[in-house]
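So the structure is just underneath, and the comments pick up after that.
The values are calculated or read from the model by the stated rules, or taken from the named source; none is laboratory data. Because the structure is predicted, anything quoted here is derived from the model rather than measured. With ideal geometry, Cβ positions are generated from the backbone for all residues, glycine too; neighbour counts draw on all protein chains shown. Note: areas computed on protein heavy atoms with side chains; ligands, DNA, RNA excluded. Shrake-Rupley method; radii C 1.70, N 1.55, O 1.52, S 1.80 Å.
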Amino acid sequence: MTVALQYRTSTFWDSVYAAPDTSFQPISAEERYRFLDRTDAGAGQVAVDVGTGLGEWACQMSRLGLAVAAYDYSPIAIERASQLHKGHGDVTYEVHDFDADPIPRRLRHGSVDIITCRHVINFLEPRFLDDARRWLRPDGILHVTTAVTERIEGAQRIGMREEEVSELARGWREWERYDLGAHQEITVMVLRGPYI
């Protein structure tokens, strides 16, 4: 996946998250409903939110009863997420760079029910998918939400190409794909049952 180098530095993201009016793709009622419908997420499950940003998605999962470990490599994002969502369920926020740091201790082989990558998979090195497969339980789910660059109008086309989205299905026992948004520029891949 080709991503401009500026997006691969925590310094860049610190500057984005330091702005008091930082906002990204809002979480719609449809997105929440379809996540729950496709994953059967619920109480007692363990989830990991990769690239949590300001923690909105991690907080949504905790409201469903999941214990959530939320990671981002921007210390400012993690600090703000911790403040914004203090006391909002079972979420821990931690600074972590999945491309450069050692694997967090809590991410042991077969220890996670759901891993979410909401608008972040295109910023990660390809080896992340192999790591995610190991961390998931045998029937675990990798839930990827991304923009499809061919469907985005305008100059800033940050997301994945159609070909890259399709390639995500390789190495999973089952997969499902659906689109979100009025113009279907956002797509979701639900990847279940990793083959290791």
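So here's what we get for this one:
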| read-out | value |
| --- | --- |
| Charge dipole magnitude, Cβ of K and R +1, D and E -1 - the chain, Cα centre, debye nearest 20 | 480 |
| Net charge contributed by nearby residues that have their C-beta within less than 11 Å of HIS183 (K/R +1, D/E -1) | -2 |
| Helix-derived mean residue ellipticity, 222 nm - over the chain, DSSP H n ≥ 4, -39500 (n - 2.57), to 500 | -7500 deg cm²/dmol |
| Percent RCO, i.e. relative contact order, over the chain, from Cα pairs under 8 Å lying at least 6 residues apart | 18 |
| Sites matching chymotrypsin sites (Phe, Trp or Tyr not before Pro) across the range 111-196 that sit in DSSP coil, with at most 14 neighbouring C-beta atoms within 10 Å | TYR195 |
| Surface share of carbon and sulfur [accessible, 1.4 angstrom probe, percent] for the chain | 51 |
| ARG32 paired with ARG106, simple spin-label distance in nm, labels 7 Å along Cα-to-beta-carbon | 2.3 |
| Net charge of Cβ neighbours under 10 Å - reference LEU142; Lys, Arg +1; Asp, Glu -1 | +2 |
| Among PRO104, MET189, PRO75 - extreme Cα towards positive end, dipole of the chain, charges at beta-carbon | PRO104 |
| Residue-normalised accessible area of the chain, expressed per residue, 1.4 Å probe, Å² | 50 |
| Dipole of the range 115-196 [Lys/Arg +1, Asp/Glu -1 at C-beta], most positive-end residue of ILE152, TRP135, ILE121 | TRP135 |
| Environment charge of ARG108, counting only residues whose C-beta is closer than 12 Å and scoring Lys/Arg +1, Asp/Glu -1 | +3 |
